[in-house]
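Below: one structure, written as structure tokens.
The values are calculated or read from the model by the stated rules, or taken from the named source; none is laboratory data. For clarity, every value in this text was computed on a predicted model and none was experimentally measured. Note that we place each Cβ from the backbone using ideal geometry, even for glycine, and neighbour counts take in every protein chain shown.
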Amino acid sequence: MIDRAFSLGIYAIIALVIATFGWIIGDVIIKGISVVSWEFLISEPEDAGRAGGIAPILVSTLYVLIIALVIALPLGISAAIWLAEFSQNQSHTLHVGIILDVLAGVPSIVYGLFGNAFFCIYLGLGYSLLSGGLTLACMILPVFIRTCESGIRSVQSDWRLGGLALGMRRSVVIWKILLPAAQPAIIAGLILSIGRATAETAALLFTSGYVDRMPESIFDSARVLAVHIYDLTMNVTGGDETAYGSALILIVLIILLNTLAQGFIDSWFKRSGHYR
Amino acid sequence: MGALSFVCAALLCLILGFLLYESWSLVADGRWLSFFSQTGWYPLEGLFGMTPMIFASLVLTFGSLVIALPVGLACAIFLEFYAKGWVKKSFQSLLNLLAGIPSVVLGLWGLTELVPLIGQIKAPGTSVLAGAVVLSLMILPTLALTSYAALTSVDRSILAGAQALGLTQKTQILAIAVPAARSGIMSGVLLASARALGETMVVLMVAGNVVQMPSSLFAPVRALTANIALEMAYALGGHRASLYVSGLLLTIIVWILAYLASYLFNKGRTVSHD
């Protein structure tokens, strides 16, 4: 009897979770879809965003994301390789690991404070797409390095030794054996990073700014999608409709980018011709 | 290649360095101590009483845990003991999807759907309650998935023993499995509270942003993170420095929570391996 009640309680909570989730997603889809159209994607915002579209905002979002990834990816993968393969000094690796974990725990708004003080003011970049992208790069690096590192570390050592025994150079072993074998972890890290960077609002409020015009260069201040949603909801009366449209686009964009990232890495590894 | 680890260390030093550099004017002459003693937040007149906002942050975080912990545990128990096959798979991906919803979208939903509902009970609706509920949705996936991982790593023989003793399923789960997994669950709780404490957008959008002590569930409050986001755009001098101090304070609290979480996680692992 008590068992029955307990099971019922669990099922009730699960139903509640599913219902709430359905409520949120349904809300965004239903209210969003009535706003979204091709026009919405390619026109400029009008009347502080109540009408018109989100073209400049989409462009700025992609700019910021590309800047962040272009800096974080090469740096992150090479740092991960170094941590997992080259570092001879155990305590050194441990310390770097701790530093990364500490960095991963810094709240995003604090990255925003740092970005404002360092990139915007100290380096003189001002409120710009570049400052925003660099701030995001700092924010996603720690988690990305950690995910890639654990992927590379978990490759069986037989594979490394086998490669070396075949007379491969160390760099060849890394490029042709370790990285392809660590591919799932790298994809996971990339997807995590893209998700965090695209959805980030707080760190960009005072690094890339609010301006909703089409950016002409990466030194222009511009508004990303997440900031646009925030601004429409909080500062613009009657902006809810377009806010929901933008929210739908943001979620679709994240899913789309993740699929692209997965496909891109898959094909890149296929071209480099390895065997699984 | 070794230079890369230097880059990571340099980044940490840069972040800490710039936070300290910007907040130095208040830290050096001890004025930051007045954050805790002064009662009002009137930065333009040099009054930096932050206690109400610190309390608001803590109450919001605690409130979200009170909601999310039982629900998260129930999700974990469901995944471990009830769900099988495709049901389990799809519930897991549902939690992952929930984790992937941007916090600004959760805030938008909270403000347009939840806040009016709460407002019908007691105006204005933007309140501690709204903030805690939306935050709890944000941390629920973290809690559910870490608790599930902790339950999965419980020694099978303990559960088999409980079953052999003829304990009811409820007793097996609540009296045997959950206590055995408690350090893993606790580390999930600490991670989740670190996320809730550091979250800006949700509390900025639905908690009301009035600087006051949280006196009831329906009172609008302003969290530390929301304060930074609201005032950073126009803050100058001592006001700006005070925002950097609050950022520093927030970071240190989050680090302590994350440290405790990893400590408990490692402890849980060694115990279950014994």
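Of note:
- Condition check for A:Ser78: among the polar types (S, T, N, Q), within 19 Å of the chain's Cα centre (by Cα) and within 11 Å of chain B (Cβ to nearest Cβ): yes
- Tally of residues being more than 7 Å from every other protein chain (Cβ to nearest Cβ) and of a type in the set (A, V, I, L, M, F, W, C) across the range A:1-17: 6
- Residue match in the range B:47-63 (condition: within 17 Å of A:Thr20 (Cβ to Cβ), touching a helix residue (DSSP H, G or I) at 6+ places or on another chain (Cβ under 7 Å) and part of a helix (DSSP H, G or I)): yes
- Selected residue (only one of B:Leu95, B:Leu4 is at pLDDT 90 or above and within 11 Å of chain A (Cβ to nearest Cβ)): B:Leu95
- Qualifying residue in the range B:11-26 (condition: under 19 Å from B:Arg222 (Cβ atoms) and within 14 Å of another protein chain (Cβ to nearest Cβ)): no
- Conditions (1) within 13 Å of chain A (Cβ to nearest Cβ); (2) out of contact with any Leu (no Cβ under 6 Å at 6 or more places or on another chain); number of the one not met by B:Gly63: (1)
- Flag if B:Leu79 is part of a helix (DSSP H, G or I), within 14 Å of chain A (Cβ to nearest Cβ), under 25 Å from B:Leu197 (Cα atoms) and not hydroxyl-bearing (Ser, Thr, Tyr): no
- Selected residue [surrounded by 16 or more Cβ atoms within 10 Å (Cβ to Cβ) and out of contact with any strand residue (DSSP E or B) (no Cβ under 7 Å at 6 or more places or on another chain)] from B:Ala164, B:Ala144, B:Ala160, B:Ala175: B:Ala144
- From A:Thr233, A:Thr242, residue being over 21 Å from A:Ser128 (Cα atoms), touching a residue at least 12 places away in the same chain (Cβ under 8 Å) and among the polar types (S, T, N, Q): A:Thr242
- Residues in the range A:112-142 that are touching a Leu at 6+ places or on another chain (Cβ under 6 Å) and either under 22 Å from A:Ala182 (Cα atoms) or among the basic types (Lys, Arg) (or both): A:Pro142 only.
- Tallying residues that are part of a helix (DSSP H, G or I), within 12 Å of another protein chain (Cβ to nearest Cβ), free of Cβ contacts under 8 Å to residues at least 60 places away in the same chain and of a type outside the set (Phe, Trp, Tyr) within the range B:99-133 yields 7.
- Residue in the range A:160-201 that is surrounded by the most Cβ atoms within 10 Å (Cβ to Cβ), counting only those that are hydroxyl-bearing (Ser, Thr, Tyr) and modelled with pLDDT of 90 or more: A:Thr201
- Residue match in the range A:202-211 (condition: surrounded by 18 or more Cβ atoms within 10 Å (Cβ to Cβ), of a type in the set (S, T, N, Q) and within 21 Å of A:Pro56 (Cβ to Cβ)): yes
- Being within 12 Å of another protein chain (Cβ to nearest Cβ), modelled with pLDDT under 90 and farther than 24 Å from A:Leu103 by Cα is a description that applies to B:Tyr234.
- Checking the stated criteria, A:Ile251 turns out to be within 11 Å of chain B (Cβ to nearest Cβ), farther than 19 Å from A:Leu129 by Cβ and either part of a helix (DSSP H, G or I) or touching a strand residue (DSSP E or B) at 6+ places or on another chain (Cβ under 9 Å) (or both).
- Some residue of the range A:23-34 being away from every other protein chain (no Cβ under 12 Å), over 23 Å from A:Ile218 (Cα atoms) and in contact with a helix residue (DSSP H, G or I) (Cβ under 8 Å, 6 or more places away or on another chain): yes
- The number of residues in the range A:198-243 being within 7 Å of chain B (Cβ to nearest Cβ) and in a helix (DSSP H, G or I) comes to 10.
- Any pair with Cβ under 7 angstrom, 6 or more apart, that starts in the range A:97-113 at a residue that is more than 7 Å from every other protein chain (Cβ to nearest Cβ) and ends at one that is among the aromatic types (Phe, Trp, Tyr): A:Gly112/A:Phe206
- Check on A:Phe264, without any contact (Cβ under 8 Å) to a residue 60 or more places away in the chain and surrounded by fewer than 21 Cβ atoms within 10 Å (Cβ to Cβ): yes
- B:Ser37 being touching a Gly at 6+ places or on another chain (Cβ under 9 Å), polar (S, T, N, Q) and either surrounded by 13 or more Cβ atoms within 10 Å (Cβ to Cβ) or more than 8 Å from chain A (Cβ to nearest Cβ) (or both): yes
- A:Leu83 meets the conditions (1) closer than 20 Å to A:Thr207 by Cβ; (2) touching a residue at least 12 places away in the same chain (Cβ under 8 Å) in every case but one. The failed one is (1).
- Here the range B:143-188 is the region considered, the condition is being of a type in the set (S, T, N, Q) and under 16 Å from B:Leu264 (Cα atoms), and the residue that is nearest to the chain's Cα centre (by Cα) is B:Ser187.
- Restricting the search to helices (runs of 4 or more DSSP H) fully inside the range A:1-86 and requiring at least 3 residues that are crowded, with 20+ Cβ neighbours inside 10 Å gives A:2-33, A:55-81.
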